[in-house]
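Single-structure report; data block below.
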Amino acid sequence: TKNINLKMLEEYLTRLVDVNETKRVFVTKDIFNEDKSLIANKGNEVNGAFRDNIIKSSFKSSIEKYITIDKELDGIELFTRIQGYLSNPPSYLHIHTLLNLDSHLRFLCNSYQQFPILRQKITVLALQLPIHFNRSLGAAWFSLLISCQRQLSEEEIQSAFLAGLCMEIGLLHL
């Protein structure tokens, strides 16, 4: 289990290093290992040296809560990307319009803003695995569609939408 977790951490850190080539990825608070030794300062850039240092240390926490990406994919851009997904094939956009799902979609994309780690993962997914990102957009929209057709509560619709959006993020660690 320890080797698997370490490999998953290394894979995600490698993706963050790659993202740092197009968007600034940096540490938001000091990172300490189990021995309380400082292994990365707040403000450090996530680069190859950072990745190697984290892997070599005895770091066992979730790295995501220590990292941020400049200009993450926000709710407005998510809405725009889903609208783009719906245009191909145009029948999706027709269904979307016919069922008046736009207000639901706007609300859900806005609620996505409340989850910083999800924003981080979706940003990395969009940049690193665009085909899987598009699948997640489709899963999120179809979850919205089905949830609305089943007349679920707003909370259930939000949960289904976010679950669909998260569908492919596990691949960032493989």
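The values are calculated or read from the model by the stated rules, or taken from the named source; none is laboratory data. Because the structure is predicted, anything quoted here is derived from the model rather than measured. We place every Cβ from the backbone using ideal geometry, glycine too, and count neighbours over all the protein chains shown. Heads up: the accessible areas ignore ligands, DNA and RNA and are worked out on the full protein's heavy atoms, side chains in. Shrake-Rupley method; radii C 1.70, N 1.55, O 1.52, S 1.80 Å.
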What pairs come up if the first residue lies in the range 45-62 and is open to solvent by 30 Å² or more (accessible area, probe 1.4 Å), the second is assigned to a loop (DSSP other than H, G, I, E, B) and polar (S, T, N, Q), and their beta carbons are under 7 Å apart, counting only those six or more places apart or on different chains?
Glu45/Asn20; Asn47/Asn20; Ser58/Asn33
The lone exception for Arg150 - which of (1) out of contact with any Ser or Thr (no Cβ under 7 Å at 6 or more places or on another chain); (2) crowded, with 20+ Cβ neighbours inside 10 Å it fails:
(2)
Kindly provide the set of residues from the range 27-73 that are assigned to a strand (DSSP E or B) and of a type outside the set (S, T, N, Q), ordered by number.
Val27, Ile31, Phe32, Leu38, Ile39, Ala40, Glu45, Ile67, Ile69
For Leu93, the lone unmet condition from (1) of a type in the set (A, V, I, L, M); (2) open to solvent by less than 50 Å² (accessible area, probe 1.4 Å); (3) more than 30 Å from Glu34 (Cβ to Cβ) is (2)
Check the range 115-133 and report whether any residue there is closer than 19 Å to Val25 by Cβ, polar (S, T, N, Q) and open to solvent by 10 Å² or more (accessible area, probe 1.4 Å).
yes
Arg106, sole failed condition from (1) within 23 Å of Val17 (Cβ to Cβ); (2) open to solvent by 60 Å² or more (accessible area, probe 1.4 Å); (3) in contact (Cβ under 8 Å) with a residue 24 or more places away in the chain
(1)
